[in-house]
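Okay, so here's the structure we're looking at.
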Amino acid sequence: MSRIIVVTSGKGGVGKSTSSANLGMALAKLGRKVVLVDADFGLRNLDLLLGLENRVVYTALEVIGRECKLDQALVKDKRQPNLSLLAAPQTRNKTAITAAHMKALVEVLSRYFDYVLVDCPAGIETGFQNAIAGAKEAIIVTTPEISAVRDADRVIGLLEANRIKDIKLIINRLRPAMIQNNDMMGVEDVLEILSVKLLGVIPEDEQVIVSTNKGEPLVLAEKLISAGQAYMNTAMRLDGKAVEFMDLSVRKQSFLARLGRFFQGKP
Ligand code: ADP
Ligand code: MG
């Protein structure tokens with residue numbers, strides 16, 4: 001059974017594209033056939049994050065306009081052949097593409113791939129409506145900031161109104177030291193506001209920025225640490241594997257200690 005999953009958020013800049021690229025690459029590493037669909041039209045994101053920008057010839061726009069065949073527009077990753085990308089058109093003329101087009105597109109893709117991951121643009125307008133069309137599941141990305149969490153809550157409501165009930169959460173850019181000093185919301189605080197299933201917790205990690213600049217998602221590395229390991233664990237959970245998760249019922253202090261060990265990849 002193929003899965004069509006939209007990666008979305010309320011607030012922009014919280015790590016949707018970073019999460020899409022890393023989850024896609026991680027699932028491919030796990031042996032799944034994955035296509036990443038960049039639905040952030042007008043802005044090219046995923047091709048850059050994956051280092052595939054020079055190989056993009058056609059995009060979703062040409063496929064929808066029947067100017068090329070679907071397989072001509074799919075860019076296969078050389079490092080990880082299980083991963084393909086359908087890039088976003090650079091045009092800002094978003095009216096050319098409708099939700100019906102996007103729904104048809106992801107449904108065709110789902111015949112050939114185990115996972116269709118759709119990277120959503122910021123906002124809740126046309127681009128959002130297009131990106132969620134056809135999705136059966138959603139991954140919400142938020143940072144542990146009140147504005148991002150509040151916007152995520154609003155988007156969860158919108159997803160449910162659009163009959164997407166299977167919603168999972170990634171909390172990104174967590175900084176354990178700040179949580180300890182009560183300067184940042186912790187995982188439990190976020191989960192108290194957003195009652196959706198926790199899929200992953202990704203620490204703040206400057207290697208994310210390095211990997212973005214290199215066009216190499218962190219999970220590509222042979223030895224995974226920090227955010228790279230956290231993304232791999234998240235992908236394994238998404239794929240149905242029971243990966244050790246921090247026990248959220250323990251006291252805050254020991255929870256943080258466990259969180260620290262978790263991020264260092266120690267048992
Ligand atoms: P979005 O797609 O939601 O707009 P991006 O994935 O483009 O967000 O990320 C926005 C910025 O945040 C990028 O510069 C990215 O490198 C940075 N970033 C994302 N996640 C992390 C992280 N865990 N640690 C450090 N920087 C991060
Ligand atoms: Mg993005």
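The values are calculated or read from the model by the stated rules, or taken from the named source; none is laboratory data. As the structure is a computational prediction, the values presented were derived from the model and not from experiment. Cβ coordinates were reconstructed from backbone atoms using ideal geometry, including for glycine residues, and neighbour counts include every protein chain displayed.
Check K78 against each of (1) of a type outside the set (G, A, S); (2) modelled with pLDDT of 95 or more; (3) over 17 Å from A131 (Cβ atoms) and name the one condition it does not meet.
Evaluating K78 over (1) of a type outside the set (G, A, S); (2) modelled with pLDDT of 95 or more; (3) over 17 Å from A131 (Cβ atoms) leaves (2) as the failure.
Going by what's in this entry, would K103 be described as more than 24 Å from A122 (Cβ to Cβ) and more than 15 Å from ligand 1 (Cβ to nearest atom)?
No: the conditions fail for K103.
Is there a residue being surrounded by fewer than 19 Cβ atoms within 10 Å (Cβ to Cβ), closer than 19 Å to E107 by Cβ, charged (D, E, K, R) and away from ligand 1 (no atom under 16 Å from the Cβ) anywhere in segment 35-57?
no
Does any residue in segment 134-151 that is acidic (D, E) come within less than 6 Å, Cβ to Cβ, of a residue that is part of a strand (DSSP E or B) six or more places away or on a different chain, and which pairs are these?
Listed pairs, sorted by first residue: E137/I5; E137/D166.
Within segment 1-12, track down each residue that is modelled with pLDDT of 95 or more and either within 13 Å of ligand 2 (Cβ to nearest atom) or closer than 10 Å to L117 by Cα (or both).
Selection gives R3, I4, I5, V6, V7, T8, S9.
Hey, does segment 172-185 have a residue that's surrounded by 20 or more Cβ atoms within 10 Å (Cβ to Cβ) and farther than 29 Å from R150 by Cβ?
no
Would you please list the contacts, defined by Cβ atoms under 6 Å and residues six or more apart or on different chains, that run from a residue in segment 171-186 that is under 18 Å from A227 (Cβ atoms) to a residue that is of a type in the set (G, A, S) and in a loop (DSSP other than H, G, I, E, B)?
Taking only residues 6 or more apart or on different chains, the pairs are N172/G15; I179/G186.
Return the pair list, or none, for Cβ contacts closer than 6 Å from residues in segment 1-23 that are more than 6 Å from ligand 1 (Cβ to nearest atom) to residues that are acidic (D, E) and not in a loop (DSSP other than H, G, I, E, B), at least 6 apart or on different chains.
What qualifies is I5/E137; V7/D119; G10/D151; K11/D151; S20/D119.
Residue pairs, Cβ under 9 Å, 6 or more apart or interchain, first in segment 219-242 and surrounded by fewer than 21 Cβ atoms within 10 Å (Cβ to Cβ), second of a type in the set (F, W, Y) and assigned to a loop (DSSP other than H, G, I, E, B). List them.
Short answer, once both residue conditions are applied: R237/F245.
Which one of L36, L105 is within 16 Å of ligand 2 (Cβ to nearest atom), touching a residue at least 12 places away in the same chain (Cβ under 8 Å) and either under 19 Å from the mean Cα position of the chain (by Cα) or not in a strand (DSSP E or B) (or both)?
The conditions single out L36.
Starting from residues that are surrounded by fewer than 19 Cβ atoms within 10 Å (Cβ to Cβ) and away from ligand 2 (no atom under 16 Å from the Cβ), keep the ones in segment 198-218 and report whichever is nearest to R79 (Cα to Cα).
Restricting to residues being surrounded by fewer than 19 Cβ atoms within 10 Å (Cβ to Cβ) and away from ligand 2 (no atom under 16 Å from the Cβ), the top hit is E216.
Could you count how many residues in segment 117-155 are of a type in the set (V, I, T) and more than 20 Å from D40 (Cβ to Cβ)?
Number satisfying all stated conditions: 2.
Give me a count of the residues in segment 114-133 that are surrounded by fewer than 24 Cβ atoms within 10 Å (Cβ to Cβ), part of a loop (DSSP other than H, G, I, E, B) and of a type outside the set (V, I, T).
Count: 5.
Any idea which of A26, A21 is within 16 Å of ligand 2 (Cβ to nearest atom), among the hydrophobic types (A, V, I, L, M, F, W, C) and at pLDDT 95 or above?
Residue meeting the stated conditions: A21.
Does A87 satisfy being small (G, A, S), within 16 Å of ligand 2 (Cβ to nearest atom) and within 13 Å of A21 (Cα to Cα)?
Yes; evaluated as a whole, the condition is true for this residue.
Restricting to segment 162-207, count the residues that are polar (S, T, N, Q) and either within 16 Å of ligand 1 (Cβ to nearest atom) or part of a strand (DSSP E or B) (or both).
Final tally of qualifying residues: 2.
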